[in-house]
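Step one of this worksheet: look at the structure below.
The values are calculated or read from the model by the stated rules, or taken from the named source; none is laboratory data. Fair warning: this is a prediction, and the values are worked out from it, not measured in the lab. Glycine also receives a Cβ, built like all others from the backbone with ideal geometry; neighbour counts cover every protein chain displayed.
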Amino acid sequence: MKKPERYSYPAIFTYEPGQEIAVVFPDLDVATSGKDDDDALVSARELLGCVLYGLELDGEEIPPPSALAQTHAEANERTALVDVFMPSIRMAQANRSVNRTVTLPAWLNAAALDRGINFSQALQSALINDLGIRR
């Protein structure tokens, strides 16, 4: 089944004097915050993308979004529909770097250091070669 390219969920932005703007996604039971409206919206999009990507990755059911008009807000709150473009989230996660610990004989480590070998690049090249991956 093809995954959706875009998701949109209602969010509640809460404004309290002297505090960051809190952002809650009631349908997903997650929250974040930001120092101003722009920062709060960026944080909300990042959180939404991470949460939905995780649900997709785990094969969990993604809850349907509530209608924005049905999202209740208090006097110090505003509602907004926050959307996220998932192909960019998926690509960023697929291309992110991960740390791996490797064990080498001391003599090999010393020789590589002496020649200024980039360990990460050498390991990537070796894995690409061993796996027969073409760039």
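Screening the candidates I62, I133 for the property of being more than 25 Å from E20 (Cα to Cα) and assigned by TED's automatic domain parsing to the domain that holds I12 yields one hit, I62. Residue count for segment 107-129, restricted to those that are out of contact with any helix residue (DSSP H, G or I) (no Cβ under 8 Å at 6 or more places or on another chain) and part of a helix (DSSP H, G or I): 16. Scanning segment 87-115 for residues that are of a type in the set (G, A, S) and closer than 18 Å to L127 by Cβ gives A94, S97, A112. I'd like to know if segment 68-83 contains one or more residues that are hydroxyl-bearing (S, T, Y), touching a residue at least 40 places away in the same chain (Cβ under 8 Å) and either closer than 30 Å to L127 by Cα or in a helix (DSSP H, G or I) (or both). Taking every residue of segment 68-83 in turn, none turns out to be hydroxyl-bearing (S, T, Y), touching a residue at least 40 places away in the same chain (Cβ under 8 Å) and either closer than 30 Å to L127 by Cα or in a helix (DSSP H, G or I) (or both).
Being in contact with a Phe, Trp or Tyr (Cβ under 8 Å, 6 or more places away or on another chain), over 30 Å from E5 (Cα atoms) and among the aliphatic types (A, V, I, L, M) is the filter here; which residues of segment 76-135 pass it? Break it down stepwise before answering.
Initial filter on segment 76-135 (in contact with a Phe, Trp or Tyr (Cβ under 8 Å, 6 or more places away or on another chain)): 76-84, 86, 89-90, 93, 102, 112.
So of that shortlist, the ones also over 30 Å from E5 (Cα atoms) come out as 76, 102, 112.
If the condition is that a residue be in contact with a Phe, Trp or Tyr (Cβ under 8 Å, 6 or more places away or on another chain), over 30 Å from E5 (Cα atoms) and among the aliphatic types (A, V, I, L, M), then V102, A112 are the ones that fit.
Within segment 121-135, residues that are on the phi < 0 side of the Ramachandran plot sit with their Cβ atoms under 9 Å from residues that are in a loop (DSSP other than H, G, I, E, B), at 6+ positions apart or across chains, in these pairs: L123/R100; L123/V102; L127/I133; I128/R134; I128/R135. Using the structure shown, decide if L131 is over 30 Å from Y15 (Cβ atoms) and either modelled with pLDDT under 90 or surrounded by 12 or more Cβ atoms within 10 Å (Cβ to Cβ) (or both). Yes. For segment 87-103, the criterion of being at pLDDT 90 or above, of a type outside the set (V, I, T) and outside any helix (DSSP H, G or I) is satisfied by no residue at all.
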